[in-house]
Amino acid sequence: MHNDDPHDTFPERLVLEVNDRRIIYVRHTKNLGASESFSLAYRPVAEQFMSILEDDNWWEPEFLEIALQVLRANPTLTLVWANMWKWQESPGNLWAKAGTIWPTEDHDGIEPISEDHPRQVVNHLHSHGAMVLRVGPNTTFATPQTIPVAIIEPIRERAYPLPMARINRPLGNFALTLTNCHDPNLARYLQGLVLLAGSFLRHASKPSGFYLRAWQIAKSTSIYLMIAIFVSVVSQGRFKLLRKFPLRDLAFCAGWCGRHPRRLFGMLRAAHDQPELEAFLDSASQQKWCNSKQCGRWKSPEP
């Protein structure tokens, strides 16, 4: 257990109270921040599998058992993650269940991901909060320490080889807290999105229909994701691709850029301002699609 607040004594008291010698307590002498702390969890280890439990998540009792069963039945899988219940916090320490991360009625199913998904252009599929990762050189690595915490998952996922699998049954819980540690720096977040989209466009050979679907998913998720795709497509001169996107959406994006010239200028300077992240994503994207044909065939685990 890593405690990133040197002045908070509760984590140490909790470990002492649990009194389990398998738990190692580490108190940071200075606050490292979310990105650097996450990298500590992904250092190479001797174990075959690893997972990470954030402070706003908790697991159902059977999560690890089921996830490991799927991984052991499918040795080519890089990682398995499970659907999660969302819990919304209200003032007064009140909590209400707010559906699941992935809407699905098939809670008994397991969804294999053996090829790139349009969502991954600027977003991610897996969740740290309910994930088990197969340890290896392609999964235990450090990411740039300066990246916004809000895009840690899509950046790591860009570097993971396929296939992966999602357990549709909610086996984890995600707390939608009133406050969180997400980086409030919108400019850095937008730059990260542009670098994600730009490296995808540069290295992935996909049909226009793939990017149209990515556009639709981005639009339904956040306007910032759509703007990032727009800026990346224009800056790379992929004007034929623009013809596939709805004219009304393009007009909205152009209008947004006109109303926010400083934001646009910052997004266009993404590679200059964040060279470490640019190099990481470019290398990961290039390697990912050079090796994309090595995915093994997925099979259902035995009951």
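The values are calculated or read from the model by the stated rules, or taken from the named source; none is laboratory data. No experiment lies behind these values; they were computed from the predicted model shown. A quick note on method: Cβ atoms are made from the backbone with ideal geometry, for glycine too, and the neighbour counts reach across all protein chains shown. Protein only, heavy atoms only, side chains kept; ligands, DNA and RNA dropped before computing areas. Shrake-Rupley method; radii C 1.70, N 1.55, O 1.52, S 1.80 Å.
Checking the structure you have, find out if any residue of segment 56-78 is aliphatic (A, V, I, L, M), closer than 30 Å to Leu193 by Cα and surrounded by fewer than 17 Cβ atoms within 10 Å (Cβ to Cβ). Within segment 56-78, none of the residues are aliphatic (A, V, I, L, M), closer than 30 Å to Leu193 by Cα and surrounded by fewer than 17 Cβ atoms within 10 Å (Cβ to Cβ). Candidates Pro11, Pro6: the one that is open to solvent by less than 80 Å² (accessible area, probe 1.4 Å), in a loop (DSSP other than H, G, I, E, B) and modelled with pLDDT under 95 is Pro6.
Phe265 meets all of the listed conditions (1) surrounded by 12 or more Cβ atoms within 10 Å (Cβ to Cβ); (2) modelled with pLDDT of 95 or more but one, namely (1). Here segment 96-105 is the region considered, the condition is being of a type outside the set (Gly, Ala, Ser) and touching a residue at least 40 places away in the same chain (Cβ under 8 Å), and the residue that is nearest to Asn180 (Cα to Cα) is Ile101. Being of a type in the set (Lys, Arg) and either surrounded by 11 or more Cβ atoms within 10 Å (Cβ to Cβ) or within 14 Å of Ala41 (Cβ to Cβ) (or both) is the filter here; which residues of segment 14-29 pass it? If the condition is that a residue be of a type in the set (Lys, Arg) and either surrounded by 11 or more Cβ atoms within 10 Å (Cβ to Cβ) or within 14 Å of Ala41 (Cβ to Cβ) (or both), then Arg27 is the only one that fits.
Selection over segment 51-84 of residues that are over 18 Å from Pro170 (Cβ atoms) and either modelled with pLDDT under 95 or of a type in the set (Ser, Thr, Tyr) (or both) gives a count of 4.
Within segment 244-271, residues that are assigned to a helix (DSSP H, G or I) have Cβ atoms under 8 Å from residues that are open to solvent by 20 Å² or more (accessible area, probe 1.4 Å) and among the small types (Gly, Ala, Ser) in these pairs: Arg263/Ala187; Gly266/Ala187; Leu268/Ser235, counting only partners at least 6 apart in sequence or on another chain. Residues in segment 67-105 that are more than 17 Å from the chain's Cα centre (by Cα) and of a type in the set (Ser, Thr, Tyr) were compared, and the one that is farthest from Phe49 (Cα to Cα) is Ser90. Considering segment 245-262, and only residues there that are loosely packed, with under 13 Cβ neighbours inside 10 Å and not small (Gly, Ala, Ser), the residue that is farthest from Phe200 (Cα to Cα) turns out to be Arg259. A count restricted to segment 120-153 and to residues that are over 28 Å from Glu65 (Cβ atoms) and within 14 Å of the chain's Cα centre (by Cα) stands at 10. Might you check whether a residue that is in contact with a His (Cβ under 7 Å, 6 or more places away or on another chain), in contact (Cβ under 8 Å) with a residue 24 or more places away in the chain, of a type in the set (D, E, K, R) and in a strand (DSSP E or B) occurs anywhere in segment 106-114? Looking through segment 106-114, none of the residues is in contact with a His (Cβ under 7 Å, 6 or more places away or on another chain), in contact (Cβ under 8 Å) with a residue 24 or more places away in the chain, of a type in the set (D, E, K, R) and in a strand (DSSP E or B). A search for C-beta distances below 6 Å between a residue of segment 62-81 that is within 7 Å of Val132 (Cβ to Cβ) and part of a helix (DSSP H, G or I) and any residue that is open to solvent by less than 10 Å² (accessible area, probe 1.4 Å) and at pLDDT 95 or above, counting only pairs 6+ apart in sequence or on different chains, returns Ala67/Val80; Ala67/Val132; Leu71/Leu77; Leu71/Val80. Take the conditions among the hydrophobic types (A, V, I, L, M, F, W, C) and modelled with pLDDT of 85 or more and apply them to Ile167. Does it pass? The answer is yes for Ile167.
Pairs meeting the criteria (first residue in segment 223-238 and modelled with pLDDT of 95 or more, second residue open to solvent by less than 60 Å² (accessible area, probe 1.4 Å) and not in a helix (DSSP H, G or I), beta carbons under 7 Å, at least 6 apart or on different chains) are Leu225/Val122; Leu225/Asn123; Ala228/Val122; Ile229/Val122.
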